[in-house]
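What follows is one structure encoded as structure tokens, with my remarks underneath.
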Amino acid sequence: MSAELVKTSVKLQTHLPSIPPVPWRDPQSASPEELHGYIQKLEQACLAQPQSADLRTCLGMAYAVNYNVYKSMDALQAATELDPTHFWAQLKFGELQYRLRALNLAEKETLKAVGLAQNSWQLSLARKQLQEIRALNRASTRNVTLDKPLTVPALVLSGMLMLMFAVMTWIH
């Protein structure tokens, strides 16, 4: 962890003593109630310090452990926007994309993290994640891209439903 992330975590724990130390290391060790309380406290801390990429990264990770993908994505994306040089925010945002199997975006975000690594340990974490992403790409794992509009399929589905409704009413 970056020194600032550790300082923020320690400061947060001194102000909020009931926060579990690091629930995302072992998601099974924190009960859903503890995790919910932790998330609420992190949300309050983010409101108190809206420019903290460290807090947003922690919040995104906690949301991910709680299987709240959209909120996790929002928090991690906000962290990367607040501080584009924040290694952990970038790495965790790439990891979330990797777990969602959006491999092209995961590779792009993880490559940014590789460039932001400040020591050999961070570099090895980012490279290992990048290696896993590329292995999935080579293994022809389906790569989800969420950049195509759904207007035409939605109109076709609506048209088919209206046609079926018209036929069913005409038969009776």
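Just so you know, all these numbers are worked out from the coordinates, no wet-lab data involved. Since this is a predicted model, take the numbers as computed values, not measurements. All Cβ positions, even for glycine, are placed from backbone atoms using ideal geometry, and neighbour counts span all protein chains on display.
For the range 43-106, the set of trypsin sites (Lys or Arg not before Pro) satisfying both a DSSP loop assignment and a count of at most 16 other C-beta atoms within 10 Å is given as R101. Rounded to the nearest whole Hz, the Karplus-based 3J(HN,Hα) values (6.51 cos²θ - 1.76 cosθ + 1.60, θ = phi - 60°) of the range 117-130 follow the sequence 4, 9, 8, 5, 5, 4, 4, 5, 4, 5, 5, 5, 4, 4, with x at glycine and proline. Potential lengthening of the chain between K71 and A154 amounts to 27.3 nm, from the contour at 0.36 nm per residue minus the alpha-carbon distance.
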